[in-house]
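Please read the structure below before turning to the comments.
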Amino acid sequence: MSVTDPPEVAPVRTGEEFDEARVEKYLREHLPDEDLSGPMQVAQFPGGHANLTYLVRFGEREFVLRRPPLGPVAPKAHDMAREYRVLSRLADHFPQAPRAYLLCENPEVMGATFILMERRHGLVMRGTIPPELDAHTDGRRRASNALIDTIADFHLVDYAAIGLEGLGKPEGFAERQVRGWNERWHGAKHEDNALFDEMYAWLVDNLPRTQASSLVHNDLKFDNVMIDPANPDRITAFLDWDMTTLGDPLVDLGTFLAYWVEAGDPEARGATLAVTAQEGFPTRSELAERYAARTGSDLSVIPWYEAFAHWKTAVVLQQIYIRFRRGQTTDERFALMETRVPMLVELSATTAGVR
């Protein structure tokens, strides 16, 4: 890391280094049309709890390099090949999708599959509100509205027209999601949770009818998007595309609303992204109404999707925690997940009206 690196990156964490000389050689060989002048410099984006994301620089030319986390990972999780496939098709049709330049599936280069992609710039809401956003009149609400509008526009992309019709099977998507995340839970749990099992049964018994099929990002939240610092009405990028598939767009909306915290919400909801509980942000219902007006969706069933999102997030955090518990990672942040998992299961039940 050099003194000129931007503040959002940091030196590479101990244990997450890689053979930079080998990767540099590979990039120079496979990107002959890019300006790779000067030696390669590497820093790390320290946010996030899953995929490892690095800033790779050749002089003034910047790229983002992403690879799965260290140690064993859940089947079909952290799919860099999928992320590359999506972005290589989507970038020309959805402005918030960064361009993917390279996919390397040879583990001898970096130790895992990785992609090299476009570096986008913008404000990220992660724990605090960027002062650049508050420099604008009603910046918090404007950025929120821009985000929900952009999510709606993403769901309206004609995936077949851009060659992504083979990305997944929209029919039965929600049901497969519920069953799949239940299987992941049983592969990652270290103790039983009766309420988790009760919610699984409730989700299966109350599956809503699918209204539409679309691209589904699967992890839409404020810290996975970038906001134009000069214009809060503009989203510059969506990040973390490795779980993108085809399915029910309300699964995406339910995830987004589940992460959206309001003042007075229970502690469990604040365990995700509490920044939106501050003054100036719209409510979940306001955002949902704006989405419905843009897409024509019937949101009377949205509590099911929110309950599913909390329940699924509990599984995601359990998968992260179990890696720490088994000694597959030394990142101390992961120890905190143990208490958050049951909180999210409780929140899922409350959202569903089961508790």
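The values are calculated or read from the model by the stated rules, or taken from the named source; none is laboratory data. Bear in mind the structure is a predicted one, so any value in this text is a computation, not a measurement. Note: ideal-geometry Cβ built from the backbone for every residue, glycine included; neighbour counts use all protein chains shown.
Assorted remarks:
- Residue tally, condition in contact (Cβ under 8 Å) with a residue 24 or more places away in the chain, over 22 Å from LEU299 (Cα atoms) and in a loop (DSSP other than H, G, I, E, B), over the stretch 177-221: 3
- Those residues of the stretch 293-319 which are on the phi < 0 side of the Ramachandran plot and either at pLDDT below 85 or not in a helix (DSSP H, G or I) (or both), in sequence order: SER297, ASP298, LEU299, SER300, VAL301
- Residue satisfying all of: in the stretch 268-307; closer than 15 Å to ARG142 by Cα and either of a type in the set (Asp, Glu) or touching a strand residue (DSSP E or B) at 6+ places or on another chain (Cβ under 7 Å) (or both); surrounded by the fewest Cβ atoms within 10 Å (Cβ to Cβ) among these: GLU279
- Checking the stretch 49-61 against the condition returns a match, with at least one residue being in a strand (DSSP E or B), outside the structural domain of PRO282 (by TED's automatic domain parsing), of a type in the set (Lys, Arg) and surrounded by fewer than 19 Cβ atoms within 10 Å (Cβ to Cβ).
- Hits in the stretch 153-169 (condition: in a loop (DSSP other than H, G, I, E, B) and under 20 Å from the mean Cα position of the chain (by Cα)): LEU156, VAL157, TYR159, LEU164, LEU167, GLY168
- Test result for GLY139, closer than 30 Å to PRO32 by Cα and either crowded, with 18+ Cβ neighbours inside 10 Å or hydrophobic (A, V, I, L, M, F, W, C) (or both): no
- Check on PHE324, hydrophobic (A, V, I, L, M, F, W, C), more than 20 Å from the chain's Cα centre (by Cα) and farther than 21 Å from VAL251 by Cα: yes
- VAL109 closer than 22 Å to GLU16 by Cα and either aliphatic (A, V, I, L, M) or touching a strand residue (DSSP E or B) at 6+ places or on another chain (Cβ under 8 Å) (or both): yes
- Enumeration of residues in the stretch 19-48 that are closer than 14 Å to CYS104 by Cα and either in contact with a strand residue (DSSP E or B) (Cβ under 7 Å, 6 or more places away or on another chain) or in a strand (DSSP E or B) (or both): GLU24, TYR26, LEU27, HIS30, LEU31
- The stretch 88-112, residues that are under 16 Å from PRO68 (Cβ atoms) and outside any strand (DSSP E or B): GLU105, ASN106, PRO107, GLU108, VAL109, MET110, GLY111, ALA112
- Residue among GLY264, GLY280 that alone is over 27 Å from GLU338 (Cβ atoms) and small (Gly, Ala, Ser): GLY280
- Residue count for the stretch 335-353, restricted to those that are touching a helix residue (DSSP H, G or I) at 6+ places or on another chain (Cβ under 8 Å) and surrounded by fewer than 16 Cβ atoms within 10 Å (Cβ to Cβ): 2
- If you filter the stretch 124-152 down to residues that are at pLDDT 95 or above, of a type in the set (A, V, I, L, M, F, W, C) and under 17 Å from the mean Cα position of the chain (by Cα), you find that the one that is nearest to GLY296 (Cα to Cα) is ALA152.
- Pairs linking a residue in the stretch 161-172 that is among the acidic types (Asp, Glu) to a residue that is in a loop (DSSP other than H, G, I, E, B), with Cβ atoms under 7 Å and 6 or more positions apart or on different chains, are GLU165/TYR159.
For every residue, the table says whether it meets (1) out of contact with any Phe, Trp or Tyr (no Cβ under 6 Å at 6 or more places or on another chain); (2) small (Gly, Ala, Ser); (3) not assigned by TED's automatic domain parsing to the domain that holds LEU220.
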{"position": "PRO39", "(1), (2), (3)": "yes, no, yes"}
{"position": "ARG82", "(1), (2), (3)": "yes, no, yes"}
{"position": "ALA91", "(1), (2), (3)": "yes, yes, yes"}
{"position": "GLN96", "(1), (2), (3)": "no, no, yes"}
{"position": "LEU103", "(1), (2), (3)": "no, no, yes"}
{"position": "PRO107", "(1), (2), (3)": "yes, no, yes"}
{"position": "MET110", "(1), (2), (3)": "no, no, yes"}
{"position": "HIS136", "(1), (2), (3)": "yes, no, no"}
{"position": "GLY139", "(1), (2), (3)": "yes, yes, no"}
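- Answer residue from the stretch 89-133, given it is closer than 30 Å to GLN278 by Cα and free of Cβ contacts under 8 Å to residues at least 60 places away in the same chain and is surrounded by the most Cβ atoms within 10 Å (Cβ to Cβ) among those: PRO95
- Filtered residues of the stretch 211-220 (kept if within 23 Å of LEU65 (Cα to Cα) and surrounded by fewer than 21 Cβ atoms within 10 Å (Cβ to Cβ)): ASN218
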